[in-house]
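Undergrad: Structure provided below as structure tokens; questions to follow.
The values are calculated or read from the model by the stated rules, or taken from the named source; none is laboratory data. Since this is a predicted model, take the numbers as computed values, not measurements. Neighbour counts run over all protein chains shown; Cβ positions are idealised from the backbone, glycine included. Surface accessibility is based on the protein's heavy atoms, side chains included, excluding ligands, DNA and RNA. Shrake-Rupley method; radii C 1.70, N 1.55, O 1.52, S 1.80 Å.
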Amino acid sequence: MVRVTGALEAARGGVASYLDSLRARGAVAPNLLAKAEANVLGNLERWLGDPHVDRISPRAKEGITRAIEAGRWQDIVEAYLDDIAFGTAGIRGLAALADEELLMLHRDGIDAPILKGPNTINNVVFARMASGIVRYARAQGFGLVVVGFDSRVQGRAFAELLAGVFLGSGLTVRFFPAAVPYPEVLFAVNRLRADLGVFISASHNDRRYNGFKICGPTGAAL
């Protein structure tokens, strides 16, 4: 707790100074700067104080405090600027903000102590999104979900996390045991008459990214 408290104090000064430097250089659009000033520190404080983050990702706060101690203000602003939102057919974003962290993710798994936040792809965000999918599925009377993944770093682990939330909530899951292309998931949804298909992927984005696509019973994007 002492380390987290000290990290928060350091972040307040560090983030403010970084945003002031951007303003002085005219390096960022005013509306984006205002959004960062309104959201970043509040989101950071919320994550560092949330016991559910510890439950889902026990090493997350270690990674966050390391980033603060290293003065990675640009990355911290990126990670805490917003809550990641649904875009084209699902969500996608940075799973690692640097290649060194991507290697840690590969080596240590989805609980690796790297910089995580609400605007990145990580196990906390995936658990939260999975619970939202469950609520939607229940409201629609859905019961069967197909889950697949591609060959990105820890794709299977992210898929297993989603499947675990679905199973724990009473849904039935059909799980691909190896990496596949998205059309195979779409085919399985139709062939098995499933209600939803979820595929871990970030499409064309570079190696640091991940996310998931979600489709309905016909295979079309929701």
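Undergrad: Considering the stretch 32-49 alone, what residues qualify as being open to solvent by 40 Å² or more (accessible area, probe 1.4 Å) and either of a type in the set (Gly, Ala, Ser) or modelled with pLDDT of 95 or more (or both)? Explain how you work it out, then say what you get.
TA: Taking the stretch 32-49 as the starting set, the residues that turn out to be open to solvent by 40 Å² or more (accessible area, probe 1.4 Å) are 32, 34-35, 37-39, 41-42, 45-46, 49.
Hits for the stretch 32-49 are Ala34, Lys35, Glu37, Ala38, Asn39, Leu41, Gly42, Glu45, Arg46, Gly49.
Undergrad: Where residues in the stretch 50-97 are more than 17 Å from Arg128 (Cα to Cα) and hydroxyl-bearing (Ser, Thr, Tyr), which of them is modelled with the highest pLDDT?
TA: Ranking the candidates gives Thr65 first.
Undergrad: Would you point out the residue of the stretch 16-57, among those that are part of a loop (DSSP other than H, G, I, E, B) and under 22 Å from Asp83 (Cβ atoms), that is nearest to the chain's Cα centre (by Cα)?
TA: Ser57
Undergrad: Output the residues belonging to the stretch 56-85 that are in contact (Cβ under 8 Å) with a residue 60 or more places away in the chain and open to solvent by 50 Å² or more (accessible area, probe 1.4 Å).
TA: Within the stretch 56-85, Ile56, Glu69 meet the criteria.
Undergrad: Give the stretch 169-202 a look and list any residue that's over 16 Å from Ala157 (Cβ atoms), open to solvent by less than 50 Å² (accessible area, probe 1.4 Å) and among the hydroxyl-bearing types (Ser, Thr, Tyr), or say none.
TA: Passing the criteria: Ser169, Tyr182.
Undergrad: Go through Val28, Val53, Val15, Val40 for me and flag whichever is more than 18 Å from Asn123 (Cβ to Cβ), among the β-branched types (Val, Ile, Thr) and in contact (Cβ under 8 Å) with a residue 60 or more places away in the chain. First the steps, then the outcome.
TA: Details: Val28 fails: in contact (Cβ under 8 Å) with a residue 60 or more places away in the chain; Val53 fails: more than 18 Å from Asn123 (Cβ to Cβ); Val40 fails: in contact (Cβ under 8 Å) with a residue 60 or more places away in the chain.
Criteria check complete, one pass: Val15.
Undergrad: Which of the helices (runs of 4 or more DSSP H) contained wholly in the stretch 122-222 include at least 2 residues that are over 30 Å from Pro51 (Cβ atoms) and of a type outside the set (A, V, I, L, M, F, W, C)?
TA: In the stretch 122-222, 182-191 are the helices (runs of 4 or more DSSP H) which contain 2 or more residues that are over 30 Å from Pro51 (Cβ atoms) and of a type outside the set (A, V, I, L, M, F, W, C).
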